[in-house]
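To start, the structure under review is shown below, and the notes come after it.
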Amino acid sequence: MKTKTTASDLLSYAWLLLLIGTCISPRFKELNNIFYITFLPITLIALRREYAELIHSPVYIWLLTFSGWMALSSTWASDPDYSDLKAIGYVVIFITGCALIEETKVVAKWGVLIPIAIGIQLYLSTISGYRLSGFGPMENSLYAGQFYLFFTWFFLYYKQFHSKPSISFTIRWLGFFLSIGACYLTQSRSVIFCIPLLIFIFLLHQDFIKHHNKLMFALAMLILAGSTALFFNNKWVTLPSNNFGYQINLDAGETIQLKYSKSTKSTSFPRIETPQGIQTILKRDSNPRKFFYTANQAGKYHLEFSLDKKTITPWRFIQLHTQKPNKSFQLKKEFTPPRAFQFELSFGYRTEIWPIRMRQCLEKPLFGHGFSQSSPIPFKDGYVNDSHNFFLGTAFQGGIIALVIYTVLLLICLYTLSNKKYWPFATLIICGIITTSFDDEKFFSSTRPYWLLLLFPIGKALKASLNQQLVFLPKRQAIK
């Protein structure tokens, strides 16, 4: 006897299609279309039956409160763009859909497509500037890192990918190793920070490893992480490189000066490539660690620095000064050559732009500048588009009121997911909070990787709250 296909069943397939789309879609536009055509309408159909229960969930109440306040804040933006309000609806619908699906059966039947899609993505990806630069939605290394972090969690949490246990085991761990290796190649610091946290929590709870084998598994993961980073000449934790390059725009008659710090190894003459592709060696000054070059014409030049061989003690730094005609030398750039086990623990330029955005938040602290208000952050000689922090972005747009609502929403979700049954989703939402504290600034936007890291577990928190409520109702069965 055939079972009736429900909207929740169709939602599970739409969700799986979104996961595959993150890997094979040529752009975010196509990924958005998958959501518009499949997930969105099916969720609206399924919502008709479950809305009466959803509206009584504290998670849903705070989500709608957050959505309503941010929508209202558009009215006091100095340059409002009401077309942005559709993003609020998209986020609410996605979270709602995630609460209504039961994806385990779909993963058990079609989950094999995920590692295949990841393999296609990796085949189309390139290593650009020592970082994994993906294809389509994963073209940005930071986005790619967040997507692969979700897939790492995905293969840790879901256990069945085929009816035959041996095939399912192979699919699961192949996908896991592909995902975790790709995470390290993207060199996203927030993602790399989340990986040991993710594995550690699973080691504490999961039953897929016997107790006496947990230490060996932990050591294997540590070796995997280190070997992946070292083998691929990662710039964050790396074997030393004996050469690297830098591009610079020069005016006609402009002179560059390279000043090397003391090195225990001999320094090869640096080379420069002109806009016409002609390579030449820089001239050495009377000081053996200074080199000069004067541009004959304006254009983009490419510098290449090298040592005679690889070493764990390359130069401590190289300073690049530039001098225009009748001007004095000015420091243009300071390089720190890669070296073995170089742990760069800073947050890049984020710690410099956060105080600037914070001062902008304090201009309108209570109500914020408005949801659709865009205000680039002045930074050095240009501007940065966002604050790289969801909490700061929320405070900038909706003020302290929005920040409090958002924080309460997250706390309620964490509390709801603290139940033993839902701890994997609590782990995922923690990873989502960490990564969104370093990248992007908008909780409400079109499809982005944080939809999987943050919104998906919020949807599961909504589902958990429904189960906790409906267990007391005799005539309605809790959502499975």
Over region 16-31, the set of residues assigned to a helix (DSSP H, G or I) and more than 17 Å from ILE116 (Cβ to Cβ) is PHE28, LYS29, GLU30, LEU31
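When you scan region 33-48, do you find a residue that is over 24 Å from ARG448 (Cβ atoms) and surrounded by 17 or more Cβ atoms within 10 Å (Cβ to Cβ), even just one?
Looking for residues that are over 24 Å from ARG448 (Cβ atoms) and surrounded by 17 or more Cβ atoms within 10 Å (Cβ to Cβ), one finds none in region 33-48, hence no.
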How about region 166-184: which of its residues are crowded, with 24+ Cβ neighbours inside 10 Å and out of contact with any helix residue (DSSP H, G or I) (no Cβ under 7 Å at 6 or more places or on another chain)? none
Looking at region 54-69 only, could you name the residues that are farther than 14 Å from ILE405 by Cα and either buried (at least 18 other Cβ atoms within 10 Å of the Cβ) or not assigned by TED's automatic domain parsing to the domain that holds CYS98 (or both)? LEU54, SER57
Checking ASP440 against (1) modelled with pLDDT of 95 or more; (2) at positive phi, the condition it does not meet: (1)
Of these, LEU362, LEU411, which one is more than 25 Å from ALA461 (Cβ to Cβ) and at pLDDT 90 or above? LEU362
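What helices (runs of 4 or more DSSP H) lie completely within region 70-165 and have 2 or more residues being surrounded by 24 or more Cβ atoms within 10 Å (Cβ to Cβ)?
86-100, 113-124, 141-157
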Can you find a residue that is out of contact with any helix residue (DSSP H, G or I) (no Cβ under 6 Å at 6 or more places or on another chain) and small (Gly, Ala, Ser) anywhere in region 142-164? yes
For region 140-158, check the following and say yes or no: at least one residue is more than 17 Å from ILE195 (Cα to Cα), in contact with a strand residue (DSSP E or B) (Cβ under 9 Å, 6 or more places away or on another chain) and free of Cβ contacts under 8 Å to residues at least 24 places away in the same chain. yes
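The values are calculated or read from the model by the stated rules, or taken from the named source; none is laboratory data. Predicted, not measured: the structure shown is a model, and the values here were computed from it. Cβ coordinates were reconstructed from backbone atoms using ideal geometry, including for glycine residues, and neighbour counts include every protein chain displayed.
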